[in-house]
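Working notes for the structure below.
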Amino acid sequence: MTEKMASLGNLVAGVAHEINNPIGAFNSAADTLKRCIERVTQIVVQSETGNEIQENVHYQRAVQLMNNTTDNAVVAGSRVTRIVESLKHFAHLDEADYQQTDLHAALDSVVTLREHDLGERIAVVRPYGDLPLVICYAAELNQVFMNLFSNAVDSIEREGEITIRTERDGEEVIVSVTDTGEGIPPENLDRIFDPGFTTRGVGVGLGLSTVYRIVQKHGGQIDVKSRVNEGSTFTIQIPIVAQGADE
Ligand SMILES: Nc1ncnc2c1ncn2[C@@H]1O[C@H](COP(=O)(O)OP(=O)(O)O)[C@@H](O)[C@H]1O
Ligand SMILES: [Mg+2]
């Protein structure tokens, strides 16, 4: 439960932050537009002819500003839409649902909901392969991707890159998350999946034990390769028709 609460808390804090930015942009756009409208109204009232209005540089500037500001508002609006879509992707999934799942949509949602941590600092590349829909506990695999991606983000102190690669291999799918972060010392490699193992000040050390449990439950496998100061790759392999609860 703690683990779930911690990740939910993280998610909510992240989303709040993530939505705040475009909302701020939106509010400031509304403010600018209001001032432009006042300005234009004033110019119209004070002018004798249409020509006079059109030739007024203040009018021209106001129109230009209104165009740019509207563009900004549209960008901010679609950003919020994207975040809400990603949230829905997480929220509509019932824990118990064993269902056909688009893993790329799940991975994209994870990236969208973590964008506030990435900024200009971390580039994300997604060489996705051709994946079929996978039958799995979708909400749980979302959690797996969120935990692996969050760890990748945490591992990069300054600038770096995260690569999310997917491919089909026969009756299985392979998803790997590679970071150019700090890497894992060999003596820790055996312990990272232990519940409570963490080297992060604020960490609770439950991310990877959760990942491990969920991958096992789906009849899959997880593998990690890491080099200190170079980065890490976590690879999971899941059957396309993942093991269900009663199989
Ligand atoms: N991508 C990664 N790069 C470097 N270290 C990692 C990575 N993923 C996990 N680790 C190590 O494994 C530990 C356990 O990870 P996790 O179970 O997610 O717990 P937490 O993130 O709360 O510390 C981390 O504290 C870190 O030492
Ligand atoms: Mg973690």
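The values are calculated or read from the model by the stated rules, or taken from the named source; none is laboratory data. Model, not experiment: these values are computed from the prediction. Counting neighbours? That spans all protein chains shown, and the Cβs are built from the backbone with ideal geometry, glycine included.
What about T199, is it farther than 19 Å from Y98 by Cβ and more than 15 Å from ligand 2 (Cβ to nearest atom)?
Numbers: farther than 19 Å from Y98 by Cβ: yes; more than 15 Å from ligand 2 (Cβ to nearest atom): no.
Answer is no for this residue.
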Would you confirm whether or not segment 207-222 contains a residue that is assigned by TED's automatic domain parsing to the domain that holds Y137 and assigned to a strand (DSSP E or B)? yes
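Residue-wise test of (1) within 16 Å of ligand 2 (Cβ to nearest atom); (2) of a type outside the set (S, T, Y); (3) buried (at least 18 other Cβ atoms within 10 Å of the Cβ).
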position: A91; (1), (2), (3): no, yes, no
position: D97; (1), (2), (3): no, yes, no
position: A105; (1), (2), (3): no, yes, no
position: R121; (1), (2), (3): no, yes, no
position: V125; (1), (2), (3): no, yes, no
position: V134; (1), (2), (3): no, yes, yes
position: Y137; (1), (2), (3): no, no, yes
Consider D154 against the criteria (1) within 14 Å of ligand 2 (Cβ to nearest atom); (2) farther than 22 Å from Y212 by Cβ; (3) of a type outside the set (A, V, I, L, M, F, W, C): it satisfies all of them except one. Which criterion is unmet? (2)
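Do the conditions hold for T166, that is, is it away from ligand 1 (no atom under 12 Å from the Cβ) and closer than 22 Å to V110 by Cβ?
On the way: away from ligand 1 (no atom under 12 Å from the Cβ): yes; closer than 22 Å to V110 by Cβ: yes.
Here the answer is yes, as T166 does meet what is asked.
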Under 8 Å between Cβ atoms, which residue pairs at least 6 apart in sequence (or on different chains) link something in segment 114-128 that is basic (K, R) with a partner that is exposed (fewer than 14 other Cβ atoms within 10 Å of the Cβ)? R121/R158; R121/E159
Selection within segment 82-107 - out of contact with any Phe, Trp or Tyr (no Cβ under 9 Å at 6 or more places or on another chain), in a helix (DSSP H, G or I) and modelled with pLDDT of 90 or more: A105
Identify all residues within segment 225-247 that are loosely packed, with under 15 Cβ neighbours inside 10 Å and either near ligand 1 (Cβ under 10 Å from one of its atoms) or of a type in the set (G, A, S) (or both); write none if there are none. V228, G244, A245
Matching residues, segment 187-204, being over 24 Å from the mean Cα position of the chain (by Cα) and without any contact (Cβ under 8 Å) to a residue 24 or more places away in the chain: E187, N188, D190, R191, D194, P195, G196, F197
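Does A152 count as more than 13 Å from ligand 1 (Cβ to nearest atom) and either surrounded by fewer than 18 Cβ atoms within 10 Å (Cβ to Cβ) or under 21 Å from the mean Cα position of the chain (by Cα) (or both)?
On the way: more than 13 Å from ligand 1 (Cβ to nearest atom): no; either surrounded by fewer than 18 Cβ atoms within 10 Å (Cβ to Cβ) or under 21 Å from the mean Cα position of the chain (by Cα) (or both): yes.
The answer is no for A152.
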If you go through segment 88-138, how many residues are basic (K, R) and either more than 17 Å from T178 (Cα to Cα) or touching a Leu at 6+ places or on another chain (Cβ under 8 Å) (or both)? 2
Would you check if there is a residue in segment 128-142 being modelled with pLDDT under 95, in contact with a helix residue (DSSP H, G or I) (Cβ under 9 Å, 6 or more places away or on another chain) and farther than 25 Å from E171 by Cα? no
Flagged in segment 13-32 as free of Cβ contacts under 8 Å to residues at least 40 places away in the same chain and surrounded by 12 or more Cβ atoms within 10 Å (Cβ to Cβ), in numbering order, are N27, S28, T32
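Among the candidates T166, T180, single out the residue that is away from ligand 2 (no atom under 16 Å from the Cβ), crowded, with 18+ Cβ neighbours inside 10 Å, at negative phi and in contact (Cβ under 8 Å) with a residue 40 or more places away in the chain. Outline the logic, then answer.
Values: T166 fails: crowded, with 18+ Cβ neighbours inside 10 Å.
Testing whether each residue is away from ligand 2 (no atom under 16 Å from the Cβ), crowded, with 18+ Cβ neighbours inside 10 Å, at negative phi and in contact (Cβ under 8 Å) with a residue 40 or more places away in the chain leaves just T180.
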